[in-house]
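The values are calculated or read from the model by the stated rules, or taken from the named source; none is laboratory data. All figures in this text were calculated on a predicted structure; none of them were measured in a lab. Heads up, the Cβs are rebuilt from the backbone with ideal geometry, glycines too, and the neighbour counts pull from every protein chain shown.
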Amino acid sequence: MQNHIIELCSLLGLAWTWPLLTMSLLVLFLYGGEAWDAYWRSPQFRLFANWLALGITLAYLGESLDDIYWSLTWSLHYLGSPLGAELINFGPIPNLPFRDVLGAFGVYCHVRAVFVAGDRYSGAHIRLLNQTFIATLILGHLYALLLWAMRG
C-alpha cells in the first residue's frame with residue numbers, strides 16, 4: 001500500500017510540475033524585464049517595485065530551474081533509468097544555486113521591498129536585515145561544517 005501511495009504522489013508531483021513551471025515562466029516573463037531595468041537603469045535602486053520585481057524574478061527563476069531538473073530526474077527514476085538514480089544522488093548540486101541561493105535572495109528582496117515602502121521603517125531596519133542575512137548565512141555554514149566534522 002505504501003509503495004502505491006509513493007508512486008501516486010510521484011506521478012501527481014510530476015503532473016503538477018507542468019502548471020507550476022508554466023506559471024513560473026509566465027511570472028518571469030512578466031517581471032523579469034522590469035527587474036532587469038530596475039537593477040541596471042534605476043539610479044539608486046531603492047523603490048519598492050524594484051526590489052519586489054527583483055525578488056519575484058530571482059525566486060521564480062530558481063523555482064523554474066529546480067523544477068526542470070527534478071521533473072527530469074523523477075521521470076527517469078520512475079521509468080527505471082539508471083540515470084534517474086544518478087541524478088537523485090547529484091541533486092544537492094543543482095539545489096544549491098537554484099533553490100537555496102536564488103530562493104534566499106528572492107526572499108531577501110521581498111523583505112527589503114517592504115522596508116523600502118514602509119514609512120515606519122528606516123535605514124536601521126535595512127541594516128538589520130542585511131546583518132540578519134549575513135549572520136544566518138554564517139550560522140548555516142557553521143552548521144554544515146559541524147555536520148561534516150561529526151561525520152568524520
Ala15 being loosely packed, with under 15 Cβ neighbours inside 10 Å, assigned by TED's automatic domain parsing to the domain that holds Leu96 and modelled with pLDDT of 85 or more: yes
Test set (1) modelled with pLDDT of 80 or more; (2) under 19 Å from the mean Cα position of the chain (by Cα) - Gly33 fails condition number: (1)
Any hit, the range 32-50, residues being in contact (Cβ under 8 Å) with a residue 12 or more places away in the chain and in contact with a His (Cβ under 9 Å, 6 or more places away or on another chain): no
